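Before we start, here is the structure in question, set down as structure tokens.
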Amino acid sequence: MKSSLRRTLKTAAAATMTAALLAAGATAASAHVHVDSDDPAAGGYSHLTFNVPNESATAKTSKLEVTLPTDTPFTSVSVKPVEGWKAVVTTSDLPKPVTIAGANVTKAPSSVVWTADAAHQIGPNEYQAFSLSVGVLPDAGTTVTLPTSQTYTDGTVVKWDEKTVEGQAEPEHPAPSFVTTAKDAETAVHAASTETTPAPAAAPAAAASTSSDAGSVAGWIGMAAGLIGLAAGLTALARTRPSGTK
């Protein structure tokens, strides 16, 4: 009976230790800056959320800088306010022009920097979420990489900029990234109609309508003039006939 109880306790202890080790491993693996996209469909807009944990036991996170892509740039970037953090979006010239939705783009947002006041820095065992609204997203299957720098109050700067390679172990400081998916139905239909349907020729249509109206008015005026002439002729004829004629 005692032997069975010992075995049970040992098994329970081993299971508890294994669970703790797994939890620690999961925490270590996920304890980095990463980004989530709520809608990665190509050709559309998405909300990107950067989850930023503080990994220092003594210092706080006071600044976050996200570098935006220049080969597949976003033409629109807006920031969701975070209490106690000031955000600055910088726009720069692109290394080379790119065509997006039929337009030639030479400048685009190149970075976003958040800086905290002293009361809202991210402390040990804390994290903060930072959100952007971005678009237009590039073609399906594109990996959008967003290198990020995390600055601590002790002067330490951690650069999350290492490329993750499929099939290989995750690097120590992977760059936040996401992969675009196929266009959703609404975006695809809108894009197709924009590309294949010519703009309506409003001016010619208005001109045609005006000409038709003028012709109708002229016709009515001519008919009225004819009736007046006929009435005048009949009156003149009546006046010239002999009074005795029946």
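Excluding same-chain pairs closer than 8 in sequence, count the lysine pairs in the range 29-186 whose Cα atoms lie under 26 Å apart.
Qualifying lysine pairs in the range 29-186: 22.
Let me ask something else about it. So, by mean Cβ neighbours within 10 angstrom, what's the order for 32-45, 121-134 with the highest one leading? Walk me through the numbers before you get to the answer.
On the way: 32-45: 18.4, 121-134: 16.6.
So the peptides 32-45, 121-134, ranked by packing, come out 32-45, 121-134.
Working out 0.36 nm times the residue gap between D36 and T99, then minus their Cα-Cα distance, what length gain in nm do you get to one decimal?
20.1 nm
Sticking with this structure for a sec: Under a 5 Å amide H to amide H cut-off, with H placed in plane at 1.01 Å, what residues pair with H34 once short-range neighbours are removed?
Here the answer is N51, since their amide H atoms fall under 5 Å of that of H34.
I need the phi-derived Karplus couplings for the range 102-116: 6.51 cos²θ - 1.76 cosθ + 1.60, θ = phi - 60°, integer Hz, Gly and Pro marked x.
With the stated coefficients, the range 102-116 comes to x, 10, 8, 10, 10, 10, 7, x, 10, 7, 10, 10, 9, 10, 8 Hz.
Would you mind working out the magnitude of the charge dipole of the range 29-186 relative to its Cα centre, with +1 at each Lys and Arg C-beta and -1 at each Asp and Glu C-beta, to the nearest 20 Debye?
460 debye
A follow-up question, please. Taking H placed 1.01 Å from N in the peptide plane, check which residues at least 5 places from T75 or on another chain put their amide H under 5 Å from its amide H.
Distant-sequence amide H within range of T75: G135, V136.
Continuing with the same structure: Go through the range 43-57 residue by residue and turn each phi into a ³J(HN,Hα) via Karplus (6.51, -1.76, 1.60, θ = phi - 60°); whole Hz please, and just put x for glycine and proline.
x, x, 10, 9, 9, 9, 10, 9, 9, 10, x, 8, 9, 9, 7
Between D117 and T58, how high is the FRET efficiency from 1/(1 + (r/R0)^6) when r is the Cβ-Cβ distance and R₀ = 30 Å? Nearest 0.05.
0.90
Ok, one more. With a ≥ b ≥ c taken as the square roots of the eigenvalues of the C-alpha gyration tensor of the range 51-159, please select rounded if a/c is under 1.5 and otherwise prolate if a/b is larger than b/c or oblate if it is not? Before the final figure, lay out each step's value.
Details: a/c = 2.51, a/b = 2.33, b/c = 1.08.
Prolate shape, in that a/c is at least 1.5 and a/b is the bigger ratio.
So if each residue of separation counts as 0.36 nm, and I subtract the Cα-Cα distance between E170 and S92, what length gain in nm does that give?
25.0 nm
Taking H as built 1.01 Å from N, whose amide H comes closer than 5 Å to the amide H of V105, not counting residues under 5 places away?
The answer is V98, T99, I100.
Between D139 and T75, what is 0.36 nm times their sequence separation minus the Cα-Cα distance? Round to one decimal in nm.
Extra length from D139 to T75 when fully extended: 21.6 nm.
Moving on to the next point. Can you give the local net charge around S149? Use residues other than it whose beta-carbon is closer than 9 angstrom to its beta-carbon, Lys and Arg +1, Asp and Glu -1.
Net local charge, S149 excluded: 0.
Since every read-out is calculated from the coordinates, none of them should be taken as a lab result. Please read these numbers as outputs of a predicted model, since none were measured by experiment. Neighbour counts are summed over all protein chains in view; Cβ atoms, including those assigned to glycine, are modelled from backbone coordinates with ideal geometry.
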